[in-house]
Amino acid sequence: MTEFDSGYKLLFSHPELVADLLRGFVPEPWVAEVDFATLTPVKGSYVSEGLRQRHDDVVWKVRLREQWLYIYVVIEFQAEPDSCMALRLLVYVELLDQDLLRRQELSPDGRLPPVLPVVLYHGAAPWTGAVEVRELLTLAPPGLERFGGDGCFCGGACRASSSPKLTTCAR
């Protein structure tokens, strides 16, 4: 972690600055519905299946309407666009999701909560890197489009299944 990363981590360890970040840089109507008084820091060190750790990020949770929203602030002083940042963020968010599963911090219906990934970029040039994993993928042949980028998979039931999702690979 660089000295700049450490400074950002310190700044975004304060709930007021996280609230200001959302209000000032996320131009979405739902931000007005966030209960900023509920901002709570979340343990920000995640271990991947390969035992690699991430310590440098800041994660908060906050109430949005009737559910928790996790805000994942990637603390890497990005001075230049990173062409693969979308893929890196996907990995970071999945590490958070795995941690939430382990700790059983799921919604009442047993699902994972939404996560808002945030990257701090200070470069002089406009951001040119992908902002969605789909932008990094080669176009799939017809019929395979739905399997790229968002974790959709095709599975066959090894025994009788009443789930049409597994047998048809439908969304």
(request) Output yes when any residue across the range 130-137 is at pLDDT 80 or above, part of a loop (DSSP other than H, G, I, E, B) and touching a Cys at 6+ places or on another chain (Cβ under 9 Å), and no when none is. (result) yes
(request) Within the range 12-26, work out how many residues are of a type in the set (Gly, Ala, Ser) and in contact with a Pro (Cβ under 9 Å, 6 or more places away or on another chain). (result) 1
(request) Give me a count of the residues in the range 104-122 that are among the charged types (D, E, K, R) and in contact with a strand residue (DSSP E or B) (Cβ under 9 Å, 6 or more places away or on another chain). (result) 1
(message) Given the criteria modelled with pLDDT of 90 or more, farther than 30 Å from Ala124 by Cα and in a loop (DSSP other than H, G, I, E, B), does Gly50 qualify?
(response) no
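The values are calculated or read from the model by the stated rules, or taken from the named source; none is laboratory data. Note that the structure is predicted; figures quoted are calculated from it, not measured. As a convention, Cβ positions derive from the backbone with ideal geometry for all residues, glycine included, and neighbour counts pool all protein chains shown.
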